[in-house]
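Let me give you the structure first, and then I'll get to my questions.
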Amino acid sequence: MADLKRQLGLLDATMINVGTIIASAIFLVPSTIALQLHATIPTLLVWIVGGLVSLLGALSLAELGAALPRAGGGVVYLTRAFGPVWGYLYGWANGTVINPASIAAIAVGCASYVAVFVPLSPAGIKAVAIVSILGLTVLNGLGVRAGARTQNVLTLTKIGIVAALIVTGFALPGGSAANFRPLWPSQSASGLIGPFGVAMVAALWAYDGWVEASYVGGEVRDPERILPRATILSTVIAMALYTLVTAAYTYVLSPGRMAASPLVARDAVSVTVGAAGAQLVAAAIVISTLGANNGIVLTAARIPYAMARDGLLPQWLGGVHPRFLTPVPSLLVQAAIACTLTLSGTYDQLFTYVIFTEFLFYAMMCAAVIRLRLTEPDLPRPYRAWGYPVTPVLFIAFAAYLVGNTVQERPGDALVGLGILVVGLLVYWVLRQHR
């Protein structure tokens, strides 16, 4: 059976992460955060703290990526540290629910902004979304280099777009330093704890994606050196862009107007550029969401592939095209699930139900760094997590808070999410009995 080939470099791995992190959130989420905090300093602080928390996770997972550079990422790490059932559950949640639901949601979001230029009915929006999913699937099935080149172009383009938003916000007429007021909200610091936590969830959702490059660890050249650098570099780039673009929005609109503006990027550009701003932002979101989905399609298909290779899913899902050296069976199944979710309209619900488990698994991966240090001290570690053991412990503590807060604030969603994992356990048991 053919295997995947190592052909991705530092730029490719970094652009995969950056392109997946920066989707539509950078155009929308600053409004959600301003709605909770109503002042400039805590609004910017959320992005900084969220970036630092993500960086703690990235620093920890970089050690695993360098030590175990195989396709599948978390499936490999959790299986090695805690046993196959945990690797399977991570793959089940991500490969069968979270990633296809993400692909569907982003594709529909992309098609909705295409409708700014071409009138589309609700059915037309779904049709365009499905065409984009199938097109990206075919592209990534024709070779990892084709998918990576597309990702590089789209991500560099979107970085340029965000940089233009920052420059125009500060350089063109319309903004004022007076719009930064109030710098701090009127309530006490203790009164900010709840709103800050809610805003942090939105920020961490925007940062989600820093783990993507680990899924293609089996296709990265010199992974011991490249994976840690790409993971850390991409998180820092995203943190800088999110913080600076939020500052630019604030300079143009003020915290109050940001909070009242669901389409904050459009409204900010409309002030500085004029009526054409809405179409410019719509085009930017189309490019940004295409880049994000290309990154997910490229990387997420490696999870079922890795599980099949490890005997956790049917063997045929671990197939590799003999000419293109891509996991075509896994790509096709992923596309089929995503297209089905697009037609059914249930992707948002599934994503909401299961996304809190992402941080449960992220915490377990950071715990895997500690466990493998204890149980396999001789495992070659070309990169060791900076600040160990404080770095993974801090991330685990924060993830525990986030998961616990979700269970407390949204028990129904958490219960359904856990139910999906229980279904995964039943499937795992059936597969074991079959083998």
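The values are calculated or read from the model by the stated rules, or taken from the named source; none is laboratory data. For clarity, every value in this text was computed on a predicted model and none was experimentally measured. Using ideal geometry, Cβ is built from the backbone for each residue, glycine included, and neighbour counts are taken over all protein chains shown. Remember, those area values only see protein heavy atoms, side chains included, never the ligands or the DNA or RNA. Shrake-Rupley method; radii C 1.70, N 1.55, O 1.52, S 1.80 Å.
Taking region 144-176 only, how many residues are among the hydroxyl-bearing types (Ser, Thr, Tyr) and outside any helix (DSSP H, G or I)?
The number of residues fulfilling the criteria is 1.
Failed condition for ALA171, given (1) touching a residue at least 60 places away in the same chain (Cβ under 8 Å); (2) under 12 Å from TYR251 (Cα atoms), with all others met?
In the conditions (1) touching a residue at least 60 places away in the same chain (Cβ under 8 Å); (2) under 12 Å from TYR251 (Cα atoms), ALA171 misses (1) alone.
Still on this structure: Yes or no: region 84-91 includes at least one residue that is surrounded by fewer than 18 Cβ atoms within 10 Å (Cβ to Cβ), among the hydrophobic types (A, V, I, L, M, F, W, C) and more than 30 Å from VAL422 (Cα to Cα).
No, the conditions are met nowhere in region 84-91.
Of all residues in region 307-326, how many are open to solvent by less than 40 Å² (accessible area, probe 1.4 Å), at pLDDT 85 or above and closer than 23 Å to VAL85 by Cβ?
Total satisfying the criteria: 4.
What about ARG149, is it closer than 25 Å to MET307 by Cα, basic (Lys, Arg) and open to solvent by 10 Å² or more (accessible area, probe 1.4 Å)?
no
With SER112, SER132 as the choices, which residue is over 19 Å from the mean Cα position of the chain (by Cα) and of a type outside the set (Phe, Trp, Tyr)?
Checking each option against the conditions leaves just SER112.
Looking at the structure I just gave you, is ALA213 of a type outside the set (Phe, Trp, Tyr) and in contact (Cβ under 8 Å) with a residue 24 or more places away in the chain?
Judged against the criteria, ALA213 is a match.
Which one of these is of a type outside the set (Gly, Ala, Ser) and more than 30 Å from GLY277 (Cβ to Cβ): LEU44, LEU59, LEU35?
LEU59
Still on this model: Scan SER112, SER132, SER188 and give me the residue that is assigned to a helix (DSSP H, G or I), hydroxyl-bearing (Ser, Thr, Tyr) and modelled with pLDDT under 90.
Unique residue meeting the criteria: SER112.
Residue check: is GLN334 in contact (Cβ under 8 Å) with a residue 60 or more places away in the chain and within 19 Å of ASN94 (Cα to Cα)?
yes
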